[in-house]
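A.B. asks: If you scroll down you'll find the structure; I have some questions about it.
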Amino acid sequence: MSVDLDEEEVFEDVRDRVDDPMRRLFAKYGRENAFEFVVGLISSIAARVLDLIPPLLLSIAVDAIFLDNTEYSLWLVPDAWLPTSTTAQLWLTVAIIAGAFLLGAAFHWTRNWGWNSFAQSIQHDVRTDTYDKMQRLNMEFFADKQTGELMSILSNDVNRLERFLNDGMNSFFRLSIMVVAIAVILVNTNWQLALVALGVVPLIAVFTKKFIDVIQPKYADVRSSVGQLNSRLENNLGGIQVIKAANTEGFESDRVDDVSEDYFDANWDAIDTRIKFFPGLRLLSGIGFVITFVIGGLWVVGEPLGPLSGELQAGEFVLFILLTQRFIWPMAQFGQIINMYQRAHASSERIFGLMDTPSRIREEPDADPLVVDEGEVGFDDVSFGYDAGKAQSASGASSGDDDPRDYIVEDVTFDVDGGDTVALVGPTGAGKSTVMKLLLRMYDVDEGAIRIDGTDLRDATIPSLRQTLGYVSQETFLFYGTVQENIEYGTFDADHEEVVEAAKMAEAHQFIQNLPEGYDTKVGERGVKLSGGQRQRIALARAILKDPDILVLDEATSDVDTETEMLIQRSLDKLTADRTTFAIAHRLSTIKDADKIVVLEDGQIVERGSHDDLLAEDGLYAKLWAVQAGEVDELPEEFVERAARRRAQTEATDDD
Ligand code: ADP
């Protein structure tokens, strides 16, 4: 049983829609870095041409100066400008060669500067743009995709692009120029011998193509097995506590051994092919070299073979020997470049696929910033399902007799007056958090509308809406940074006194002061570990500091001990007195003074009213209250059965 993690298949769904990703990449990002590109390109050409000058001049020197077979003459230079004495000609040759080396070095530098800056800037721009786009995607997207897949796009794919833009393009231009220039020089020098010397080129091209065809599927296997290995390691490190507690170290070592072995095999298969390729290439080029040497050598000593006619000078022969060697390797490297291009192509498809992912939550073009006056909130016949099709098939598959529902929240209607506190109560999975997420517009309602002071949320800009709301949930996340930074998060311009004030109201000041460095103590993933209750109090302080018009407390104090909760409650009473507040709490004692209590069950409102009203009604709320207050030991049987049914349904949805 293995998880298919082949990177190529990630985001398959969006890749189909991306046309010509490389052209898009250049059109979007290349233009902004055109200067670097041009510098790289021109320097590549210049550096290569300068590289060819020394062998060319050596050939001329051999014939015209050392052997005195021909006239001293240079390409593109009128003969009248050239010196006539042999020594002067030698000095001129040496001077040009030295100049070529010097200038060549300068161009090598500008070439690398150009290509590296080009690739690095594009890499940076693509990564930040992709990240920016990604974090604005809907919550559904994050529920569907694994964090590992997204990380792989932001790091591996972007790095692969950089590698192609730097090494790949640099080599491509360098080699193309080299091949064309050498071919021109050879044909110009002696076209007949050029035909002989270049005769192996088609063979090398075919050989290289064959190699690529064979090695590519092998590389795909390597990537797939490294993906499996990584996910196994990641999974095991994350679950180390379970492994230790279950005493399964041996079992896990065996599993890692298995996937590592698969990786070894796949890798070895690829290595085996690769290490045969280069000796093969050397052999082919060696054959070409020997043939050129034999035919050229015989020609120089005055015995041209077969149909060959004319003369071949020793210097020209030397030029052939020097240049054909330089010609062979570029041909082989083209294979590598094609490979890099294909990988970059696949990576940019994934990157643009991500960028093209449509958002289900869209801001209307004419949306206005939300202006909150009273802070009235109205839910008007609201229905919503996370993924209608999915929920249906999951619940249908698990129990069959259950009514397959699309909606997690159905026909929810209630109003909250400005400044009031409303509590949402109900069993786990009833949809309380979902109702709050709809208010935050993490998701859009499928039917009905939610209004704040009469404005439909969909007509307001998203940042203004989120600014209006303060949200503290059960799942508190702290960023790596100091306590102070975590409290300021989202407000940013608060001063230390305000932060301390907020922390005091959240009953967090005391424990923060006892941390090693107080408010400057680093917390979060690599920092000091805090308990769930402490994290919640920091999150609460963050919301208090933000001073929002509307406060949403979703089990905001669930991890806090009862005593601290009582203290926080006192502060919260002050905080929520004139502020519209939504509170979800399991401990009903904390919400019994709410202006309104809305009881949800299976996504629908089943009761509403004040604490006293609901007790008098003797329904679900009254039963929950009785259990929590210790007035009854057990819930009525039918209630327990209902809870079990609901649990089964919830788990079926979660398993999907
Ligand atoms: P509550 O807050 O009352 O415990 P929730 O609103 O968290 O209930 O959940 C209501 C139902 O929605 C549950 O069945 C839960 O499994 C489902 N659910 C919650 N979040 C998601 C999600 N992101 N995707 C799909 N289903 C979800």
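A.B. asks: Rounded to the nearest 5, what is the percent of antiparallel bridges among the DSSP beta bridges in the chain?
C.D. replies: Close to 50 percent.
A.B. asks: Let me ask something else. Less than 18 Å from a label point 7 Å out along the Cα-to-Cβ axis of residue 233: which backbone N atoms in region 244-264 qualify, by residue?
C.D. replies: Answer for this model: 252-264.
A.B. asks: Which loop GluC sites (Glu not before Pro) in region 248-330, with loop taken from DSSP, have no more than 14 other Cβ atoms within 10 angstrom of their Cβ?
C.D. replies: 311
A.B. asks: Straight-line reach from residue 596: which lysines have a Cα under 20 Å away, not including same-chain ones fewer than 8 places off?
C.D. replies: 432, 437, 574, 623
A.B. asks: At R0 = 25 Å, how high is the FRET efficiency between residue 449 and residue 142 if r is their beta carbon distance? Nearest 0.05 is fine.
C.D. replies: That gives a FRET efficiency of 0.50.
A.B. asks: Turning to a different aspect of this structure: Report ³J(HN,Hα) in whole Hz for each residue of region 25-32, in order, from the Karplus equation J = 6.51 cos²θ - 1.76 cosθ + 1.60 where θ = phi - 60°; Gly and Pro get x.
C.D. replies: 4, 5, 5, 7, 9, x, 4, 5
A.B. asks: Using θ = phi - 60° and the Karplus curve 6.51 cos²θ - 1.76 cosθ + 1.60, what whole-Hz ³J(HN,Hα) does each residue of region 435-451 get, with Gly and Pro shown as x?
C.D. replies: In residue order, the calculated couplings are 4, 6, 5, 5, 5, 7, 6, 6, 9, 9, 5, 7, 9, x, 8, 10, 10 Hz.
A.B. asks: Of the listed pairs 133/504; 244/504; 244/522, which have alpha-carbon separations greater than 31 Å here? Intermediate results must be reported in sequence, preceding the final value.
C.D. replies: Values: 133/504 37 Å; 244/504 40 Å; 244/522 28 Å.
Too far apart for the 31 Å limit: 133/504; 244/504.
A.B. asks: Have a look at 155, 440, 594 and report the one farthest towards the positive end of the charge dipole of the chain, computed about the Cα centre with Cβ charges (Lys/Arg +1, Asp/Glu -1).
C.D. replies: Result: 155, furthest along the dipole toward the positive end.
A.B. asks: Report, by chain and number, residues whose modeled amide H sits under 5 Å from the one on residue 601, excluding near sequence neighbours (fewer than 5 apart, same chain).
C.D. replies: 606
A.B. asks: Please report, in debye to the nearest 20, how large the charge dipole of region 377-653 is about its Cα centre when each Lys and Arg carries +1 at its beta carbon and each Asp and Glu carries -1 there. Walk me through the numbers on the way to the answer.
C.D. replies: Values: 28 positive and 56 negative charges, 190 e Å.
Dipole size: approximately 920 debye.
A.B. asks: Quick one: compute the contact order of region 12-355, relative version, from alpha carbon pairs under 8 angstrom and 6+ residues apart, as a percent. Walk me through the numbers before you get to the answer.
C.D. replies: On the way: 309 pairs, mean separation 107.3, N = 344.
Normalised by residue count, the contact order of region 12-355 is 31 percent.
A.B. asks: Can you compute 3J(HN,Hα) from phi for each residue in region 530-540, using the Karplus curve 6.51 cos²θ - 1.76 cosθ + 1.60 with θ = phi - 60°, rounded to whole Hz and x for Gly and Pro?
C.D. replies: Values, residue by residue: 10, 6, x, x, 5, 4, 4, 5, 5, 5, 5 Hz.
A.B. asks: If the chain between residue 240 and residue 195 were fully stretched, how many nm would it gain, using 0.36 nm times the residue separation less the Cα-Cα distance?
C.D. replies: Separation in residues times 0.36 nm, less the Cα-Cα distance, equals 9.6 nm.
A.B. asks: While we're on this one: May I ask which residue of 177, 122, 354 lies farthest towards the positive end of the charge dipole of the chain, with charges of +1 (Lys, Arg) and -1 (Asp, Glu) on Cβ and the Cα centre as origin?
C.D. replies: Towards the positive end, the residue furthest out is 177.
A.B. asks: Report, in deg cm²/dmol and to the nearest 500, the calculated mean residue ellipticity at 222 nm for the chain, where each DSSP H run with n ≥ 4 adds -39500 (n - 2.57) and the sum is divided by the residue count.
C.D. replies: Mean residue ellipticity, 222 nm, calculated: -19500 deg cm²/dmol.
A.B. asks: Further question on the same structure: Compute the separation of the alpha-carbon centres of region 238-292 and region 86-116 and state it in Å as a whole number.
C.D. replies: One Cα centre to the other: 43 Å.
A.B. asks: Another one. Please name whichever of 193, 231, 313 sits farthest to the positive end of the charge dipole of the chain, dipole taken about the Cα centre and charges placed at Cβ: Lys and Arg +1, Asp and Glu -1.
C.D. replies: 313
A.B. asks: Just how far, in whole angstrom, is region 143-206 from region 18-77 if you go by their alpha carbon centroids?
C.D. replies: So the two Cα centres are separated by 16 Å.
A.B. asks: Once fully extended, how much extra length lies between residue 371 and residue 480, figured as 0.36 nm per residue of separation less the alpha-carbon to alpha-carbon distance?
C.D. replies: 35.9 nm
A.B. asks: With the Cα gyration tensor of the chain giving a ≥ b ≥ c as the square roots of its eigenvalues, does the rule (a/c under 1.5 for rounded; else a/b larger than b/c for prolate; else oblate) give rounded, prolate or oblate?
C.D. replies: prolate
A.B. asks: Say R0 is 56 Å: what FRET efficiency, to the nearest 0.05, do residue 81 and residue 155 get from their beta-carbon distance?
C.D. replies: That gives a FRET efficiency of 0.45.
A.B. asks: Relative contact order of region 456-612, please, whole-number percent, based on alpha carbon pairs below 8 angstrom and at least 6 residues apart.
C.D. replies: Contact order relative to length: 26 percent.
A.B. asks: Here is a follow-up. Which shape class applies to region 526-574: rounded if a/c is under 1.5, otherwise prolate when a/b exceeds b/c and oblate if not, where a ≥ b ≥ c are the square roots of the Cα gyration tensor eigenvalues? Don't jump to the answer; show the numbers that get you there.
C.D. replies: Working: a/c = 2.15, a/b = 1.26, b/c = 1.71.
Cα axes put region 526-574 in the oblate bin.
A.B. asks: Additional query: Please list, in chain and number order, the residues 5+ apart from residue 584 or on another chain whose amide H is under 5 Å from its amide H, with Hs placed from the backbone.
C.D. replies: Counting only residues 5 or more places away or on other chains, the set is 424, 553, 554, 555, 556.
A.B. asks: Gain in length, residue 103 to residue 641, computed as 0.36 nm per residue apart minus the alpha-carbon separation, to one decimal in nm?
C.D. replies: My answer for the length gained is 185.1 nm.
A.B. asks: Let me know the charge dipole size of the chain about its Cα centre in debye, to the nearest 20, where only the beta-carbon of Lys, Arg (+1) and Asp, Glu (-1) is charged.
C.D. replies: 4580
A.B. asks: For the chain, what's the relative contact order in percent, using C-alpha pairs closer than 8 Å and at least 6 residues apart?
C.D. replies: 14
A.B. asks: How much FRET efficiency would the formula 1/(1 + (r/R0)^6) give for residue 283 and residue 184, where r is the Cβ-Cβ distance and R0 is 35 Å, rounded to 0.05?
C.D. replies: 0.80
A.B. asks: Please give, to one decimal in nm, the separation of the simple spin-label points placed at residue 578 and residue 528, each 7 Å out from Cα toward the Cβ.
C.D. replies: Label-label distance for residue 578 and residue 528, simple model: 3.6 nm.
A.B. asks: Can you classify region 12-355 as rounded, prolate or oblate using the Cα gyration tensor, where a ≥ b ≥ c are the square roots of its eigenvalues, rounded means a/c under 1.5, and otherwise it's prolate if a/b beats b/c and oblate if not?
C.D. replies: Numbers: a/c = 3.17, a/b = 2.00, b/c = 1.58.
Verdict is prolate for region 12-355.
Every read-out reported here was derived from the displayed coordinates using simple, explicitly stated rules and does not represent laboratory data. Remember, it's a predicted structure, so these values are computed and weren't measured experimentally. Neighbour counts are summed over all protein chains in view; Cβ atoms, including those assigned to glycine, are modelled from backbone coordinates with ideal geometry.
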